[in-house]
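Structure record follows, encoded as C-alpha cells.
What follows is calculated from the coordinates using simple rules that are stated; it is not laboratory data. A quick note: this is a predicted structure, and the numbers were derived from the prediction, not measured. A quick note on method: Cβ atoms are made from the backbone with ideal geometry, for glycine too, and the neighbour counts reach across all protein chains shown.
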Amino acid sequence: MLAVLSLAARSHSPLSALAAGFALPVALSDRIENFPQETSTALMAYLRSGMDNLAAFLAPIGKPDSVSDIDGLRVTLSDRSIIHFRPSGNAPEMRCYVEAETADQAKQLLEQGLDCIRAFGQQRGLE
C-alpha cells in the first residue's frame, strides 16, 4: 500500500488515475441460493466431462478458449472474458464469478452465467 501511495505522490496523480492505467478487468460475482449440492455436483461433472459439454453449456455466452479446474471451473472465453463456476462447499448454492473489460460486459456475462446455471437446475427439476 505504501508503494502505491508513494507512486501517486511522485507522479502527482490520484489513485483512480493510477488504477485506470492498469486497465484491470471488472470483476463481479453472485450466487443462486437453494441450489442443492447434488445438482451442483451434477453440473460440475457435466461441465468437466468434456469440451463438447462445456461448449454446449456456454453456447449462449461465448466460446471457451481455456479452462482451469482449480477451485471450481474457470473458463477463459474467446473474447478474453472469464467466467468461473463454483459450488459452495457448505451451503446449497451455486456461485458464478466473472471478469470482463467493462462493467456492462461483466454484468451481462454474470446474468448469462446465472441463467445457464438456472436452466441446468430446471432440467434437473428445480423451480
| query | Which distance in nm do the two modelled labels at Ala8 and Ser49 give, with both placed 7 Å along the Cα-to-Cβ direction? | reply | 5.1 nm
| Picking from Leu18, Leu54, Leu109, which is most flexible by a Gaussian network model of the chain using Cα springs under 10 Å? | Leu18
| Quick one: helix 2-11 against the long Cα principal axis of the chain, what's the angle to the nearest 10°, folded into 0 to 90? | 50 degrees
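Under 1.5 on a/c is rounded, so check that first for the stretch 50-127, then, if it is not, pick prolate when a/b is larger than b/c and oblate when it is not; a ≥ b ≥ c are the square roots of the alpha carbon gyration tensor eigenvalues. Intermediate values should be presented prior to the final figure.
Values: a/c = 1.40, a/b = 1.35, b/c = 1.04.
Rounded is the answer for the stretch 50-127, as its axis ratio a/c remains below 1.5.
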| request: Please work out the C-alpha center-to-center distance from the stretch 80-127 to the stretch 35-65 and express it in whole Å. | output: 11 Å
| Can you give the relative contact order of the chain as a percent, counting alpha carbon pairs under 8 Å and 6+ residues apart? | 27 percent
| By how many nm would the segment from Thr41 to Asp69 grow when fully extended, if each residue of separation counts as 0.36 nm and the alpha-carbon distance is taken off? | 8.7 nm
